[in-house]
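Step one of this worksheet: look at the structure below.
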Amino acid sequence: MVPVSKNSTYRKIHFAVMAIEASAKKANMTGQEMHDRLKRQGLIHKRLFRHYDQLHTQSLEWVVDDTLETLHNWEQEEGGVKQ
């Protein structure tokens, strides 16, 4: 049997991968490009992992829209990037 903490980590990683890939598809970029942009802003840990309990109850479409909007806002605050 898998310990609860490892199962929880697996679920968060699986959720983050789904969110990253779906966000990349909607933004017409590769998963690697989306991952790199999210990582640069700290969104993978600060948003997708930290708020997993709230986010995973939403639709994938909602999570994608929220992720892209948050990425855009954080990049703008940093001094502007991309798109």
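The values are calculated or read from the model by the stated rules, or taken from the named source; none is laboratory data. As the structure is a prediction and not an experimental result, all values here were calculated from the model. All Cβ positions, glycine included, derive from the backbone under ideal geometry; neighbour counts span all protein chains shown.
Numbers for the structure displayed
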{"item": "Verdict on residue 40 being of a type in the set (Lys, Arg), touching an Asp or Glu at 6+ places or on another chain (Cβ under 9 Å) and free of Cβ contacts under 8 Å to residues at least 60 places away in the same chain", "result": "yes"}
{"item": "Among residues of segment 48-79, those that are of a type outside the set (Ser, Thr, Tyr) and touching a Ser or Thr at 6+ places or on another chain (Cβ under 6 Å), counted", "result": "2"}
{"item": "Contacts under 6 angstrom Cβ, first residue in segment 49-67 being more than 16 Å from residue 37 (Cβ to Cβ) and at pLDDT 95 or above, partner surrounded by 14 or more Cβ atoms within 10 Å (Cβ to Cβ) and charged (D, E, K, R), 6 or more apart", "result": "49/12; 52/12"}
{"item": "Scope segment 22-52; condition in contact with a His (Cβ under 9 Å, 6 or more places away or on another chain) and not hydrophobic (A, V, I, L, M, F, W, C); matching residues", "result": "39"}
{"item": "Restricting segment 68-81 to residues that are in contact (Cβ under 8 Å) with a residue 24 or more places away in the chain and of a type outside the set (Val, Ile, Thr), the residue that is surrounded by the fewest Cβ atoms within 10 Å (Cβ to Cβ)", "result": "78"}
